[in-house]
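Working notes for the structure below.
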Amino acid sequence: MNTPASPPLAAEAGSAIARNARPSAGFDALLQEAEDTLRRAAGFAPVTQASSLGAEDVVITHLINALGLDIGVFVLDTGALHPETLALLARTRATSRATVSVYHPVQESVVQFVRREGPEAMYRSIALRKACCGIRKMEPLDRALEGKKAWITGLRREQSAARAEVPLLGTGEARPKFNPLANWTWGDVWHYIGTRGVDYNPLHDQFYPSIGCAPCTRAISLGEDFRAGRWWWEDEAAKECGLHVKKTEGAPA
Ligand code: SF4
């Protein structure tokens, strides 16, 4: 049985809900699929959800809480997040039934990198951008996943060409990765947020579909690709931070 919808919210004109909430014809089946995937993931305990607090991730955390599953949640606070994201993190920690853990980079590594390369090193080369992601994201990610048998992400096939083959359960990495929203559309995500009254990052209302660190995220214009606002100065092929790139495909150390 699907998690029940709250009374529909009156979406504010111009909000991300008003703009995007368009359930696909098979939404009920997709919701069932996501719930079944999360229940299956819970059987891999200890299992954890990687949350960036983006739209997909707040849906998954809401589902975990609504289903009462024994799944923890973690957020990587890179030290470069928007104030809106940090405020949502505080609200989420205060209201979530599931434990929300926060992982920070090693401060000394950040200080040394910024001292050596400057605060805007990520714009100078892909190598420096990946080095920054390595310090602020990949190393804390390794700590967050230590001892976990599986993890859960908000990857969807529709997000980019690089994610077009995302499976509900990926097994090609060190630990299984569940992607319960793999088959959802952007309209499905916002339909769920709107009908369940899920708290979300207000940057989505300002045309940020994908939200990462402040220096590396911008709003997109009408007609631009979903991930055009992430690392916009780089080629499309380089646009992953390493979190969702298989180690064998060259994720930064
Ligand atoms: S997204 Fe940008 S600021 Fe954040 S870790 Fe990567 S390069 Fe650094």
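Some points to look at:
- No other residue among 158, 117 is surrounded by fewer than 17 Cβ atoms within 10 Å (Cβ to Cβ) and among the acidic types (Asp, Glu) apart from 117.
- Residue 22 being in a loop (DSSP other than H, G, I, E, B), modelled with pLDDT of 95 or more, of a type in the set (D, E, K, R) and on the phi < 0 side of the Ramachandran plot: yes
- Screening the candidates 175, 163, 230, 157 for the property of being within 16 Å of the ligand (Cβ to nearest atom), under 19 Å from residue 57 (Cβ atoms) and basic (Lys, Arg) yields one hit, 230.
- Single match in 134, 172 (criterion: in contact (Cβ under 8 Å) with a residue 12 or more places away in the chain and buried (at least 17 other Cβ atoms within 10 Å of the Cβ)): 134
- Hits in the stretch 129-164 (condition: farther than 23 Å from residue 232 by Cα and acidic (Asp, Glu)): 139, 142, 146
- For the stretch 120-129, residues that are touching a residue at least 40 places away in the same chain (Cβ under 8 Å) and either touching a His at 6+ places or on another chain (Cβ under 7 Å) or surrounded by fewer than 20 Cβ atoms within 10 Å (Cβ to Cβ) (or both) total 3.
Let's see how each residue does on (1) surrounded by fewer than 19 Cβ atoms within 10 Å (Cβ to Cβ); (2) in contact (Cβ under 8 Å) with a residue 12 or more places away in the chain; (3) more than 16 Å from the ligand (Cβ to nearest atom); (4) not acidic (Asp, Glu):
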site	(1), (2), (3), (4)
64	no, yes, yes, yes
70	yes, yes, yes, no
90	yes, no, yes, yes
99	yes, yes, yes, yes
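- In a residue-by-residue description of the stretch 106-122, the property of being touching a Ser or Thr at 6+ places or on another chain (Cβ under 7 Å) and not aliphatic (A, V, I, L, M) applies to no position.
- Identity of the residue in the stretch 197-208, within 16 Å of the ligand (Cβ to nearest atom) and in a loop (DSSP other than H, G, I, E, B), that ends up modelled with the lowest pLDDT: 208
The values are calculated or read from the model by the stated rules, or taken from the named source; none is laboratory data. As the structure is a prediction and not an experimental result, all values here were calculated from the model. Note that each Cβ is placed from the backbone with ideal geometry, even for glycine, and that neighbours are counted across all protein chains shown.
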